[in-house]
Amino acid sequence: MGDLNFGQTSTLRPRKDDNLPAVDRPAFFLLVLLYMLQGVPVGLAFGSVPFILKSHLSYAQVGIFSLAAYPYSLKLLWSPIIDAIFYPKLGRRRSWIIPVQLFSGLTLIFLGLRIETLLERPEENLTAITSAFFCLVFLCATQDIAVDGWALTILSPSALSFASTAQTIGINTGYFSSFTVFLAFNSPEFANKYLRKVPIDAGLVSLNGYLKFWGVMYLLITCIVMVVPEYPRHLAKYQKSGKRSTGLRAIANVYRSMFQVLKLRNVQLLILIHLVCKIGFQTNEAATNLKLLERGFLKEDLAITVLIDFPFEIIFGYYAARWSNGKSPLTPWLYGYLGRLLSAALAQFLVYNFPANGEVTKGYFVAVIMQHLLGSFMLTIQFVSICAFHTNIADPLIGGTYMTTLNTLSNFGGQWPRIIVLSMIDTFTVSTCQAPEGASPLEYGFSCVADAGKELCKALGGLCETTRDGYYYTNTVCIVLGLLIWVWLKKQVGGLQSLPISSWRVVQVCPRQK
């Protein structure tokens, strides 16, 4: 792709006031709730369930479960339907949010009744578990399309920059509730060490109970959406009037408009950036915690480590949103990129220097916490910055589809390398079962990279000895590629954020008469 002829003056909409107008606060808090609901299944599918499965499955098998997250990377395929088809009495966005959230709530309750049975034999039920969460994430992705579109019309034009703030706070709250907080309170070791006097073999919160709780919350918050008008009273003047095309014609019009947007060279460059920008930190974010557990880091200590992340994520999200709401929202994104590469390098250093005797010192524990906080902070900066940029450039006429296309490609950039990276770790790893003293070596010497091999080796009384750890090789490759990509990104990002708004729209404004 050749160099683009970028303009020199930025016309991205800056916010004139640092405070959210009082009239927009109810809509802002509703958006936070809706994004929080979206974050709950995402946190389970992207975080907790892979973490739970890893104790029974190989990295490659966990990579198969990562397919459950793919609806987030494919939702642009059906987003024009969400933009075009609706029931006028409910409104363009509520027509989808209400039924999708009702069905999501019922799905969570049903899954809560079945999940414990499925997890008793995860290898046999891997397809069923993956399919169930695939459906749940599909519903979540559909809700995301409608909520992204609603965010462009439920807030005043001067408060649009707060849409990314609502998204950051809401999704982070839901995501980390389902990932870090849930894992902590689901862990018997954490509860016994930090919260109980008499230890028992159960966590404070079970997965089935957690799923049913959020299923009920989905239903309750959907009842709130039912009584909220599509357009707040103070924004009624912005509501489009007149006849609109419906049915297949409406869908075709939205697809046609989005196709025209995708033909813009600056949009194509942004798509390419989204597809390659997350390669550098894939190994760290997919495997570091799992690798620490393999080395002997206690589950309860990891639980408290990730639990500490939670309040900081909310604080980071607030300040990152304020930092990103200027004329150059992608500048913080570049800093966050380098920070995540640094976090990946520090993670490898910590794994490599795990105490040989298996005893985690206070200094090492604090170092793990700081590495987690660094990675979380930088991820939040990038997330908020790119969301603010998407909100600024999106065309409200096809808002749900436009925002979904950009956000989907951003998600896909983090998903497509993951299954490759997890498979590379297993491929590069060399681990063999060593015979115990006095035993015949003929029965041993087989690979125990996969959990099945580890279990067989253990049953035979052998010891799995790793002579080459694929984690280090894979993480190094990712970091090097990440640095090379950053050099290219630095040249492209400045030009993208200096383009006028009109260059991101299909309908161009007529030029001024000379």
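The values are calculated or read from the model by the stated rules, or taken from the named source; none is laboratory data. Quantities reported herein were computed from a predicted structural model and do not represent experimental measurements. Counting neighbours? That spans all protein chains shown, and the Cβs are built from the backbone with ideal geometry, glycine included. Calculation scope for accessible area: heavy atoms of the full protein, side chains included, ligands and nucleic acids excluded. Shrake-Rupley method; radii C 1.70, N 1.55, O 1.52, S 1.80 Å.
With a 1.4 Å probe and all protein chains left in place, how much accessible area per residue does segment 163-225 have, in Å²? Mind showing how you got there, number by number?
Working: 2580 Å² over 63 residues.
Value for segment 163-225: 41 Å² per residue.
Fully extending the segment from Ile420 to Leu219, taken as 0.36 nm per residue of separation minus the present Cα-Cα distance, adds 68.6 nm. Ranking Leu293, Leu108, Leu338 by solvent-accessible area of protein heavy atoms (1.4 Å probe, all protein chains present), from largest to smallest, gives Leu338, Leu293, Leu108. Apolar share of the accessible surface for the chain: 64 percent from carbon plus sulfur atoms, 1.4 Å probe. Once the Cα atoms are used to define both axes, helix 207-226 deviates from the longest principal axis of the chain by about 10 degrees. Put Tyr337, Tyr231 in order of accessible area, highest first, and with a 1.4 Å probe you get Tyr231, Tyr337.
Determine, from the Cβ-Cβ distance of Leu248 and Leu342 and an R0 of 45 Å, the FRET efficiency 1/(1 + (r/R0)^6), rounded to the nearest 0.05. Result of the calculation: an efficiency of 0.35. Accessible area per residue was computed with a 1.4 Å probe on protein heavy atoms; Trp488 scores about 80 Å². The simple Förster model, with R0 at 25 Å and r as the Cβ-Cβ distance, assigns Leu275 and Lys491 a FRET efficiency of 0.90. If the segment from Phe312 to Ala202 were pulled out straight at 0.36 nm per residue, it would be longer than the present Cα-Cα gap by 36.8 nm.
Entry for the chain at q = 0.10, 0.11 Å⁻¹: log10 I(q)/I(0) = -0.82, -0.98, Debye formula applied to identical alpha-carbon scatterers, no solvent contribution.
Taking other residues whose beta carbon is less than 13 angstrom from the beta carbon of Gly43, and scoring Lys, Arg as +1 and Asp, Glu as -1, yields -2.
Against the main long axis of the alpha-carbon atoms of the chain, helix 362-393 sits at an angle near 20°.
Is it possible to state the helix-based mean residue ellipticity at 222 nm for the chain, with each DSSP H run of 4+ residues giving -39500 (n - 2.57), the sum divided by total residues, to the nearest 500 deg cm²/dmol? What is it?
Values: 19 runs with 328 residues, N = 514.
The helix contribution divided over the chain gives -21500 deg cm²/dmol.
Ordered by 1.4 Å accessible area with all protein chains kept, Met217, Met258 run largest first as Met217, Met258.
Remark: C-alpha extents of segment 114-196 on the principal axes read 51, 35, 15 Å, sorted largest to smallest. Extension gain, Lys458 to Leu119: 0.36 nm times the residue separation minus the Cα-Cα distance gives 119.8 nm.
So how tilted is helix 162-176 from the main axis of the chain? Cα-based, degrees 0 to 90, rounded to 10. That helix lies at roughly 20 degrees to the long axis.
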